[in-house]
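For reference, the structure is listed below as structure tokens.
The values are calculated or read from the model by the stated rules, or taken from the named source; none is laboratory data. Note that the coordinates shown come from a computational prediction; the quantities given were computed from them, not determined experimentally. Don't worry about glycine lacking a Cβ; one is built from the backbone with ideal geometry, like all the others, and counts go over all protein chains shown. For the accessible areas, the whole protein counts, side chains as well, though only heavy atoms, and no ligand, DNA or RNA atoms are used. Shrake-Rupley method; radii C 1.70, N 1.55, O 1.52, S 1.80 Å.
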Amino acid sequence: MSYTFPAVAERPVSDPRTAYLIASGDLRESANVAGWPTQVELESAVTAVLVELGWRVIRANDVDPETGHGFISSQRMGLEVFKNIPDDAPLIVAEAVWQYSHHVLAGLRTHRGPILTVANFAGEWPGLVGLLGLNAGLTKMGKGYSTLWSVDFTDEWFRSGLREWTETGRIRHDASHVRALPPLPDTAEVALGQALGDQMLRDKAIIGVFDEGCMGMYNAIFDDELLNATGIYKERLSQSALYAEMLTVTDPEADAAHDWLIDRGMTFVYGSDSATELTRDQVQWQLKMYIAALRIADDFGLDAVGIQYQQGLKDLVPASDLAEGILNSTERPPVFSRDGRRELFAGRAFPHFNEADEGVAVDALVTDRVWTAMGLVPDNTLHDVRWGEQYGDDFVWVYEISGSVPASHLGGWDKAEGWRQGHVFFPAGGATINGVSMPGEVVLSRVFIADGILQADVFRASVIELPEEETQRRKQATNPEWPIAHVVLHDVSRDQFMARHKANHVQMVYAPSADLADRALLAKAAMFDRMGIVVNVVGRVSILEEDPRREG
């Protein structure tokens, strides 16, 4: 018999002092084309520093003459590009835009040479957001990497870091702001958190996921074996089911939700051109999505729900932003069962995890239960870690997310405005919940996978008020249609945060005072701990300050 054996392709051989460079891109060609000029600037700046250090840089793939850019824009393309890269070559993944990590994860998983992820630190082009998502994915799969970022790539911090990578194949960042959760004190908050954790393990909870794997976020998918051990289980749902349910929601039902929002003071910035402006019909579909999501949650007995937001449904209906933010609000339009006899989940927020990010799902569920048990407003949301700059004595982060922000974070529905989502990414439109987050004390956190286990970083911050002119400058430098929060972290520098954080997302919830924020953080940490999630304390948490810092 004659068998056809596969041909074994020869991989290139690495040369001394030579690094290969790739760029993982967006799935949407409009974003890749728009971001390419900024990507070229980033790559030129990084290459120039490496040339000064006596290194050569080889771009692993050329610019595609048809698309006009050099981003890796699909998983298949990523597999082909990695065939041109020596297995042991130093490899740079340079990011100036949001990127879909799965485009390059297959090649990175088996790459044997040192890996460096690099991003611009800018508001207009979210390279740092893409970098954090990619880093989280590498962390989840246990792949070693180094990481750097810069505003203009001329600062000595960046240059010395790049020099260290070329000399040693790795970069060590300051991790003195991170420490293990110390032995917990005997307080009512700790007892409450432990009791809630015991309840979760005993009674269990269900999160409804409308299709997993949104936005290329490999890090946002939690395997059942890890998730189930915490008492949380998945109900895997289809976005097509959500759309089908939306078709059954009547116009009078959606009108009633719209009237409720208007009565509470929300305004919508309407126009007449649906291609580029917000229209009443777009909002109508969003309100039908809100009602449909709660009815499906009732059908399956869900404790939280996650809508994909960008993928799939964007080609059918307006964006899910408005529905997400309403779900996460304690004060929200009432929704009734299909027969009209029962109000669904009355008097409470229903946790929604934006972009079907399961790290957010765990966090939102735990936060909702702890804050509710403490008699606090449990409305919580994720934010993108979008950007930041120094303002006065503080480094003030720009946190933004187009969906899921509850109106209470803005100070109420009368502080919320509905702006149209960008037409480049959302051809069907839809309203965001736009506004400025009110000043106050907040607890921040992120649940992620590292070392093969679930972990949670918990930390404290303050949302501050900036002058209107500065707020508008920051909004215009990023996405003016999205809600913004001006966040100051407690004893965590910009570079410490960037080096440590394992996601492009961070979860935020308010507390009435600094003391209550500290006590609620303690209860939340105790609940995470009881559920078997390893807790790390990040930065200054006054209630735990008697515990010494450790180097990590």
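Cβ under 14 Å from residue 160's Cβ, residue 160 left aside: what net charge do those residues give with Lys, Arg +1 and Asp, Glu -1?
Numbers: positive: 159, 163, 170, 172; negative: 52, 155, 156, 164, 167, 174, 495.
Here the charged neighbours net out to -3.
Percent relative contact order of segment 52-163, based on C-alpha pairs within less than 8 angstrom and at least six residues apart?
Working: 153 pairs, mean separation 24.8, N = 112.
Worked out over segment 52-163, it gives 22 percent.
What ³J(HN,Hα) values, in whole Hz, does the Karplus curve 6.51 cos²θ - 1.76 cosθ + 1.60 give for segment 122-129 when θ = phi - 60°, with x put for Gly and Pro?
Ordered by residue, 3J(HN,Hα) equals 9, x, 5, 10, x, x, 5, 5 Hz.
Which order do peptides 227-238, 484-495, 180-191 fall in by mean Cβ count within 10 Å, highest first?
Sorting 227-238, 484-495, 180-191 by mean packing, highest first, produces 484-495, 227-238, 180-191.
Using the crude model of +1 on Lys and Arg Cβ and -1 on Asp and Glu Cβ, and no other charge, please compute the dipole size for the chain relative to its Cα centre, in debye to 20. Write down the numbers at each step before the final one.
Working: 48 positive and 79 negative charges, 237 e Å.
With only Lys, Arg, Asp and Glu charged at Cβ, the dipole is about 1140 debye.
In a shell of Cβ-Cβ distance under 10 Å around residue 248, excluding residue 248 itself, what net charge do Lys and Arg (+1) and Asp and Glu (-1) give?
Numbers: positive: 288, 295, 338; negative: 245, 253.
Every neighbour counted, the sum reads +1.
Quick one: which residues, 5 or more positions from residue 26 or on another chain, have an amide H under 5 Å from its amide H? H modelled 1.01 Å from N in the peptide plane, none for Pro or chain starts.
32, 100
Rounded to the nearest percent, how much of the accessible area of the chain (1.4 Å probe, protein heavy atoms only) is carbon and sulfur? Working shown, then result.
On the way: 10860 of 20800 Å².
Carbon plus sulfur share of accessible area: 52 percent.
Treat segment 252-367 as a sphere of radius equal to its Kirkwood radius over Cα pairs and apply Stokes-Einstein at 25 °C in a medium of 0.890 mPa s; give the translational diffusion coefficient in µm²/s, rounded to a whole number.
Values: Rh = 14.9 Å.
My calculation gives 165 µm²/s for D.
Below 8 Å between Cα atoms, with a sequence gap of 6+, how large is the relative contact order for the chain in percent? Before the final figure, lay out each step's value.
Values: 1241 pairs, mean separation 90.1, N = 552.
Across the chain, relative contact order equals 16 percent.
Please compute the net charge surrounding residue 514, taking Lys and Arg as +1 and Asp and Glu as -1 over other residues with Cβ under 15 Å from its Cβ.
Values: positive: 460, 519, 540; negative: 189, 441, 491, 515, 518, 545.
Around residue 514, the charge tally is -3.
Given bins 10 angstrom wide, list per bin the percent of all Cα-Cα distances in segment 190-275, short to long.
With a bin width of 10 Å, the distribution comes to 13, 23, 26, 28, 10, 1.
Explain nothing, just compute: Karplus ³J(HN,Hα) = 6.51 cos²θ - 1.76 cosθ + 1.60, θ = phi - 60°, for every residue of segment 439-450 in order, whole Hz, x for Gly and Pro.
With coefficients 6.51, -1.76 and 1.60, one gets x, x, 8, 10, 10, 10, 6, 8, 9, 8, 9, 8 Hz.
For residue 302, what accessible area in Å² do you get when you roll a 1.4 Å probe over the heavy atoms of the protein chains, rounding to the nearest 10?
For residue 302, the solvent-accessible surface is approximately 10 Å².
So if I place +1 on the C-beta of Lys and Arg and -1 on the C-beta of Asp and Glu, and nothing else carries charge, what would the dipole magnitude of segment 1-102 be about its Cα centre? I want it in debye, nearest 20. The partial results should precede the final answer.
Values: 7 positive and 14 negative charges, 37 e Å.
With Lys and Arg at +1 and Asp and Glu at -1, about 180 debye.
Between residue 58 and residue 156, 0.36 nm times their residue separation minus their Cα-Cα distance comes to what? Please report the intermediate quantities before stating the final value.
Working: separation 98, 0.36 × 98 = 35.28 nm, distance 2.39 nm.
Here the segment from residue 58 to residue 156 would lengthen by 32.9 nm.
Rounded, prolate or oblate: which fits segment 35-107, taking a ≥ b ≥ c as square roots of the Cα gyration tensor eigenvalues, rounded meaning a/c under 1.5, else prolate when a/b beats b/c?
Details: a/c = 1.79, a/b = 1.20, b/c = 1.48.
Taking the square roots of the gyration eigenvalues as a ≥ b ≥ c, segment 35-107 is oblate.
What FRET efficiency comes out for residue 33 versus residue 276 if R0 is 25 angstrom and r is the Cβ-Cβ distance? Round to the nearest 0.05. Don't jump to the answer; show the numbers that get you there.
On the way: r = 18 Å, r/R0 = 0.73.
Calculated transfer efficiency: 0.85.
Using the Karplus equation 6.51 cos²θ - 1.76 cosθ + 1.60 (θ = phi - 60°), what ³J(HN,Hα) coupling, rounded to whole Hz, does each residue of segment 345-353 give in order, writing x for Gly and Pro?
So the J values, rounded to whole Hz, are 6, 5, x, 8, 6, 10, x, 10, 10.
Given labels modelled 7 Å from the Cα in the Cβ direction, how far is it in nm from residue 339 to residue 141?
In this crude spin-label approximation the distance works out to 5.0 nm.
Please list, short to long, the whole-number percent of alpha-carbon pairs of segment 457-522 in consecutive 5 angstrom bins beginning at zero.
Whole-percent P(r) values from 0 Å outward: 3, 12, 21, 22, 21, 14, 5, 0.
Mind giving me the nanometre distance, one decimal, between the label points for residue 240 and residue 514, set 7 Å out from Cα along Cα→Cβ?
About 5.5 nm separates the two model spin labels.
Ordered by packing density, taken as the mean number of other Cβ atoms within 10 Å over each peptide's residues, highest first, how do 168-177, 470-479 rank? Please list the in-between numbers first.
Values: 168-177: 14.0, 470-479: 16.9.
Answer by packing, highest mean first, reads 470-479, 168-177.
Regarding segment 6-138, what are the three Cα extents along the principal axes, ordered largest first, in Å?
So the three principal-axis extents are 41, 38, 32 Å.
Tell me which residues come under 5 Å, amide H to amide H, from residue 381 once H is placed; ignore anything under 5 positions away on its chain.
Under 5 Å from the amide H of residue 381: 508.
Could you tell me how far the Cα centroid of segment 5-84 sits from the Cα centroid of segment 386-413, in Å?
About 34 Å separates the Cα centre of segment 386-413 from the one of segment 5-84.
Before rounding to the nearest 500, sum -39500 (n - 2.57) across all DSSP H runs of length at least 4 in the chain and divide by the residue total; then give [θ] at 222 nm in deg cm²/dmol.
-10500 deg cm²/dmol
Classify segment 396-457 as rounded, prolate or oblate from the Cα gyration tensor: take a ≥ b ≥ c as the square roots of its eigenvalues, call it rounded if a/c is under 1.5, otherwise prolate when a/b beats b/c and oblate if not. Could you put the intermediate results ahead of the total?
Values: a/c = 2.95, a/b = 1.42, b/c = 2.08.
In terms of gyration-tensor shape, oblate.
Taking amide H positions as placed 1.01 Å from N in the peptide plane, with prolines and chain starts having none, which residues 5 or more places from residue 391, or on another chain, fall under 5 Å of its amide H?
396
Considering Cα pairs under 8 angstrom that are at least six residues apart, work out the relative contact order of segment 401-552 and quote it in whole percent.
On the way: 239 pairs, mean separation 40.9, N = 152.
27 percent.
Let me know the Rg and Dmax you get for segment 359-512 when you use only its Cα atoms, in Å.
Cα-based Rg and Dmax for segment 359-512 come out at 15.4, 45 Å.
Give me P(r) over segment 142-252, computed from all C-alpha to C-alpha distances, binned every 10 Å, as integer percentages.
The percentages, shortest bin first, are 10, 19, 22, 23, 20, 5, 1.
Hey, got the Cα dimensions of the chain along the principal axes, in Å, largest first?
72, 67, 58
Above 13 Å lies some portion of the pair distances; for segment 316-363, what is it as a whole percent of all C-alpha pairs?
Details: 710 of 1128 pairs.
Within segment 316-363, distances greater than 13 Å cover 63 percent of Cα pairs.
Of the DSSP beta bridges with both residues in the chain, give the percent that are antiparallel, rounding to the nearest 5. Before the final figure, lay out each step's value.
Details: 41 of 78 bridges.
Counting DSSP beta bridges with both partners in the chain, the antiparallel share is about 55 percent.
Which shape class applies to segment 10-61: rounded if a/c is under 1.5, otherwise prolate when a/b exceeds b/c and oblate if not, where a ≥ b ≥ c are the square roots of the Cα gyration tensor eigenvalues?
It comes out oblate by the Cα gyration axes.
Calculate the dipole size of segment 108-206 relative to its Cα centre from +1 charges on Lys and Arg beta carbons and -1 charges on Asp and Glu beta carbons; express the result in debye to the nearest 20.
Numbers: 11 positive and 11 negative charges, 127 e Å.
Result for segment 108-206 is approximately 600 debye, rounded to the nearest 20.
In this model, which of 140/524; 288/475; 234/415; 415/502; 288/415 are farther than 26 Å apart at the alpha-carbon? List each step's numbers first, then the result.
On the way: 140/524 23 Å; 288/475 29 Å; 234/415 35 Å; 415/502 32 Å; 288/415 23 Å.
Violating the 26 Å Cα-Cα cut-off are 288/475; 234/415; 415/502.
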